[in-house]
Structures are given as C-alpha cells and as structure tokens.
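Undergrad: Structure in structure tokens, see below.
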Amino acid sequence: MPLPMPRSNPFHFIRPIGPPSPSPSDSEVMMSQESHRSALVPAGGLALDFPLEAAITAATEGNWPRVVEHLEPLAAWPGDQWPAIAVDLAIAAATGGDGAARRAATAWLPALGHQALDRLGEIIADPLAAFEQRWQAGRLLGQLPGAAAQLTALLTDGEDEELTGILAGAVASAGAGAIAGLAAALERKETRSAAAAALAKICHPAIVAPLLTVTTDTDPQVRAIAIEALANFVGDRDGARSGPIIAALEAALTDPATVVRRAAVDGLATQGARDAFGGEALLMVLRPRLDDLDFVTCERAAAAIARLKTPEAAQAIAAVLHRPTTPPPLQLALVPCLLWTETPEAIAAVEPWLSNPVAPDLRLTVVRHLGRIQTPALRRIAAIAMMRHCDPLPNDDLDLKQAIATAAGQLGDPSLRPMLEQLGRDRDRRVSLQAIASLQALTKATQDFQQNP
C-alpha cells in the first residue's frame, strides 16, 4: 500500500503518471531525450546513474522508501553536483517521509549547501504548505550550517503567528549565531514574542542584553519569558551583567501579571540567587510573595525560602501556615516546604497539628512528611514529637494509623518500637502489615548501628 502523501505537495512539478499519450514524432522524442539527459548531468559534466522517472513516480505515490532508494546513487557525489530535481526529491522525503526514509534523506541535506537552505526556506514561507511540512522544514533548516541569517530574516519578515512559531524553534537551534538577528526581531511587535522565546532557548550570555529590553514589555507573556531566561544568569561572575538581572527579577516580583511573578519567584529559587543575595536579603525579598493572591506563587515562594534552610526561613513559612485566614489547600502545600528547611523550628511549628483532630488532612500530611526527614538529629526530634502526640493511637482513622506506621519505620528511632508493636496487633490488615514491615526495618537499622556505631 503506498504511503500517504502530505496534505500539500512541496514539489508541484511532479505529476502522476497518466494514460499513454499519442505517439510523438521523431523530433519530439529526440528533444525529450536530450532534455532528460541534461537534467541528469551535474555541473561537473559527469552523468549520474539516477533513475529520475522511477523516483518521481514513487514520490507521487508517497512511497518515500522507494524515493530514497532511487536517490541512493547520488549520495557519494558532492552536493553542488546534484540535479535540482534530485534536491527537491530529497527535501520532500526529509520533510514528508517517515522513519528510515526521512532519516536517510535528512543525512544528505548538509552536503546540499545553499540548495537545501533555499528550498527549505521556501517551504517554511509557503502559506499553502501543510503545517507539518513547514514545521519539519524549520527543524531541518535550524540544524544546517549557515542557516542562522536566513532563519532570522524569515522571522523578522514573518507576518502570521504560525510562521513565527515555527521559526522561533528553528532559530534557537541555530545557536549563538542567531542572537543578533533575534535581537532585531525583538523590535517588532509582530515577532517579539517568538523572538523572545527563541532567545530564551539559547544558553549564551549574549542573550542577556536583548532580553533585558523586554522585561517591561506590554505583553506579560514576553515579560515572563524574559524573566525566566534571565534567571539562569543570576549570580554570574560578570557583575555588570548580574546586577541588572537581579534588579529585573526584584521588579518582576510585584508585576501585576501572575505568570511574571511566578517566573520571578522560580528564578530566585536558584543557587545563583542565594549566592548573589545572601540568605537574609533573599528572605526579605521573597517573604511578601507568601501573601500573594495566587496560591501557586505562595507555594513556590515558600519552596524558594525553604531552600535557605535557616530558622528564620522556617519561621516565615510557619507564620503563614498558622494564620487563621490561610486556606486549607495552601496549608497542605506549606507543610512539606516548612519541613524542607530541616530545622528544629520547623518540627516545632508542625507539632501541634499531630494532635489536632479538627484538621485530619493536615494531620495526615504532617505525619507523612515527618517520616521523610533525613537529618539524623532531626529524626530524633521528630520521633519524640510523634510519641508525644500520636499515643494513644487513633482508633477510627486507618489512613492515619498506616501513615504513622510508615513514618515510624522511616525515622528508624528505637523509641518508636512500642508504638509499632501496638500497630502490629491492629485489627486492620493494612495497618498491621505496614507496622510489621517497619519493625523489621527498625530491627535491621538497630543491628547495623550496633555493628558500625
């Protein structure tokens, strides 16, 4: 069964083979043969063994493996000696084929030089071509050497959103050589968003200067793209570059658009930001976002503050957790952030919830995350808190009992053995099995400690 053709044929000169036409005259036959031979003679004047008619027929049928098979004799020849029709067939196979045929045709494109660049550019700019072909052509063009200038020119001249979206990814794959052209594209409103997205994908310090010019753009999406990309260079050893980035991130924290504030918070959660600001200063910068009207921004700010791992960070998160006006979903999100600070203050802040039956979901979350503490000294503190507030054990909350059994085994503290033994006799099989497994883990941990104190 022939493979399906793309929705738009990128080589319009190919026509299906129709019924036999009337016999031509001798002169017409000679002219046709001469034309056929000239099509197969490259610039060097050497005739190639290239079954042109069979390749065209296979292309009209959508049989790309056969097209590639017929083009194979040309693979050993320099690209500038390929006939124009063979170039079109190869590019059609690379953009419209599938599987092995596409990979084989793609491998030939770098050798075709400007012929491939020009033909791929025509497909990208053709509004009648199928989106899949245009996207594939953009992807291939971005991988070819010398394509940066052509891609940025197409992006700058682009008028429709679909075209600029295709070109943005292609230009980004062209690398640092495309930065100057993309900076020019930032000056046009029609291409600013696509150019910013393309610059953001290029990991090179040269993108900093052009992106700083759009951190106050009227489009919040452009601002967010710029802030997210600039955050990668916070803490850069180049102080002249790092200073303006930090100023842009601080300003973005109070941006009216939620997407921009989220990008700024995420950018300040990096190690580079902690190094550039210092823990105390970064806490002061991020603390107001704990009161953000957007819950996601609050949670991300709490996660960024937690990475400071200081008592002050734990106290800032705990203040919001215990605030009566904090919604329960946000409280549930703040518990793991608070315990990520890995401080005694964090455990003290969540301890009251261990014996609070009014908020069962929050109580369950606290137990589960106490069991995930890794610091040995804090494990002991967490075990003491669980013994103080989880004994006597709840009789009717099976999920909580199972969570306590799991957390006790994870903490590995011998003082929790009596609690685990009691849970091992529980009437619910899930709880008892989990407690028995935790007891076994606790016994092994104790033996290992005695052998290797």
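Undergrad: Determine, yes or no, whether A313 is touching a helix residue (DSSP H, G or I) at 6+ places or on another chain (Cβ under 8 Å), surrounded by 19 or more Cβ atoms within 10 Å (Cβ to Cβ), modelled with pLDDT under 95 and in a helix (DSSP H, G or I).
TA: no
Undergrad: Follow-up. D118 - would you say it is closer than 17 Å to A59 by Cα and surrounded by fewer than 18 Cβ atoms within 10 Å (Cβ to Cβ)? Step through it out loud before you land on a result.
TA: On the way: closer than 17 Å to A59 by Cα: no; surrounded by fewer than 18 Cβ atoms within 10 Å (Cβ to Cβ): yes.
Spelling it out, it is not the case that D118 is closer than 17 Å to A59 by Cα and surrounded by fewer than 18 Cβ atoms within 10 Å (Cβ to Cβ).
Undergrad: Go through I207, I166, I225, I246 for me and flag whichever is of a type outside the set (F, W, Y), in contact (Cβ under 8 Å) with a residue 40 or more places away in the chain and in contact with a helix residue (DSSP H, G or I) (Cβ under 7 Å, 6 or more places away or on another chain). Break it down into steps so the answer makes sense when it comes.
TA: Numbers: I207 fails: in contact (Cβ under 8 Å) with a residue 40 or more places away in the chain; I225 fails: in contact (Cβ under 8 Å) with a residue 40 or more places away in the chain; I246 fails: in contact (Cβ under 8 Å) with a residue 40 or more places away in the chain.
Of I207, I166, I225, I246, the one residue that is of a type outside the set (F, W, Y), in contact (Cβ under 8 Å) with a residue 40 or more places away in the chain and in contact with a helix residue (DSSP H, G or I) (Cβ under 7 Å, 6 or more places away or on another chain) is I166.
Undergrad: Could I ask something else about it? Taking the conditions exactly as written (crowded, with 22+ Cβ neighbours inside 10 Å and at pLDDT 95 or above), does A306 satisfy them or not?
TA: yes
Undergrad: Next up: Under the condition of being crowded, with 20+ Cβ neighbours inside 10 Å and assigned to a loop (DSSP other than H, G, I, E, B), which residue from region 335-356 is farthest from the chain's Cα centre (by Cα)?
TA: T343
Undergrad: For A54, are the conditions met, namely being touching a His at 6+ places or on another chain (Cβ under 9 Å), buried (at least 23 other Cβ atoms within 10 Å of the Cβ), free of Cβ contacts under 8 Å to residues at least 24 places away in the same chain and not in a loop (DSSP other than H, G, I, E, B)?
TA: Numbers: touching a His at 6+ places or on another chain (Cβ under 9 Å): yes; buried (at least 23 other Cβ atoms within 10 Å of the Cβ): no; free of Cβ contacts under 8 Å to residues at least 24 places away in the same chain: yes; not in a loop (DSSP other than H, G, I, E, B): yes.
No: the conditions fail for A54.
Undergrad: Within region 411-419, can one find any residue that is under 40 Å from the mean Cα position of the chain (by Cα), at pLDDT 90 or above and surrounded by 15 or more Cβ atoms within 10 Å (Cβ to Cβ)?
TA: The answer is yes, given that some residue of region 411-419 is under 40 Å from the mean Cα position of the chain (by Cα), at pLDDT 90 or above and surrounded by 15 or more Cβ atoms within 10 Å (Cβ to Cβ).
Undergrad: Going by the structure shown, is A197 over 21 Å from the mean Cα position of the chain (by Cα), within 23 Å of G243 (Cα to Cα) and either modelled with pLDDT of 75 or more or not in a loop (DSSP other than H, G, I, E, B) (or both)?
TA: In short, no.
Conditions (1) touching a helix residue (DSSP H, G or I) at 6+ places or on another chain (Cβ under 8 Å); (2) in a helix (DSSP H, G or I); (3) surrounded by fewer than 18 Cβ atoms within 10 Å (Cβ to Cβ); (4) in contact (Cβ under 8 Å) with a residue 60 or more places away in the chain, marked per residue:
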| position | (1), (2), (3), (4) |
| --- | --- |
| L89 | yes, yes, no, yes |
| A92 | yes, yes, no, yes |
| T95 | yes, yes, no, yes |
| A105 | yes, yes, no, no |
| P110 | yes, yes, yes, no |
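Undergrad: Is one or more of the residues making up region 365-373 over 21 Å from E299 (Cβ atoms), modelled with pLDDT under 95 and either among the aliphatic types (A, V, I, L, M) or in a helix (DSSP H, G or I) (or both)?
TA: no
Undergrad: Also: With respect to D126, is the statement that it is out of contact with any helix residue (DSSP H, G or I) (no Cβ under 6 Å at 6 or more places or on another chain) and modelled with pLDDT under 80 true?
TA: Against the criterion (out of contact with any helix residue (DSSP H, G or I) (no Cβ under 6 Å at 6 or more places or on another chain) and modelled with pLDDT under 80), D126 does not qualify.
Undergrad: Before we move on, is R287 in a helix (DSSP H, G or I) and either among the β-branched types (V, I, T) or crowded, with 20+ Cβ neighbours inside 10 Å (or both)?
TA: Considered against the rule, which asks whether it is in a helix (DSSP H, G or I) and either among the β-branched types (V, I, T) or crowded, with 20+ Cβ neighbours inside 10 Å (or both), R287 comes out as no.
Undergrad: Taking R300 and the conditions (1) in contact (Cβ under 8 Å) with a residue 24 or more places away in the chain; (2) more than 22 Å from V259 (Cβ to Cβ), which numbered condition does it fall short on, given that it satisfies the others?
TA: Exception for R300: condition (2).
Undergrad: Sticking with this structure for a sec: Mind telling me which of the residues A359, A383, A377 ends up being surrounded by fewer than 18 Cβ atoms within 10 Å (Cβ to Cβ), small (G, A, S), under 18 Å from G409 (Cα atoms) and free of Cβ contacts under 8 Å to residues at least 40 places away in the same chain?
TA: A377
Undergrad: Which of the residues belonging to region 420-434 are buried (at least 17 other Cβ atoms within 10 Å of the Cβ) and assigned to a loop (DSSP other than H, G, I, E, B)?
TA: D426 - this is the single residue of region 420-434 that is buried (at least 17 other Cβ atoms within 10 Å of the Cβ) and assigned to a loop (DSSP other than H, G, I, E, B).
The values are calculated or read from the model by the stated rules, or taken from the named source; none is laboratory data. This is a predicted model, so every value here is computed, not measured. Heads up, the Cβs are rebuilt from the backbone with ideal geometry, glycines too, and the neighbour counts pull from every protein chain shown.
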